[in-house]
Amino acid sequence: MPRAVNAGQVSWRWQCFGPFAKEVDDMAVQQHKVSKTRKRLRRTHFKLEAPGLVQCPQCGEYKLSHHVCRNCGYYKDRVVVQAR
Ligand SMILES: [Zn+2]
């Protein structure tokens with residue numbers, strides 16, 4: 001089945017939303033190729049991020065900020081959990 005009867009002679013907008021739109025077969029096909037630049041610009045956000053590590057003021061061990069220290073069990077100058 002042809003994608004559109006007058007492909008090439010009518011605008012893509014007409015092919016997509018006009019009366020020929022139903023003649024398109026079921027498979028999904030992208031309308032425009034994503035260029036190298038657009039792909040790379042999108043992927044600039046796909047990066048690993050280091051967790052927010054801070055040094056425990058009690059024992060100096062690195063811990064996640066706003067979390068109880070795994071080493072000494074302290075949180076904000078007091079014991080919250082028993083350290084193992
Ligand atoms: Zn600690």
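Quick look at the values:
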read-out	value
Criterion (in contact with a Phe, Trp or Tyr (Cβ under 8 Å, 6 or more places away or on another chain), at pLDDT 90 or above and either within 13 Å of the ligand (Cβ to nearest atom) or not aliphatic (A, V, I, L, M) (or both)) met by exactly one of H32, H67	H67
So L41, is it out of contact with any Lys or Arg (no Cβ under 9 Å at 6 or more places or on another chain) and either outside any loop (DSSP other than H, G, I, E, B) or surrounded by 10 or more Cβ atoms within 10 Å (Cβ to Cβ) (or both)	yes
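The values are calculated or read from the model by the stated rules, or taken from the named source; none is laboratory data. Predicted, not measured: the structure shown is a model, and the values here were computed from it. Backbone-built Cβ (ideal geometry, glycine too); neighbour counts: all protein chains shown.
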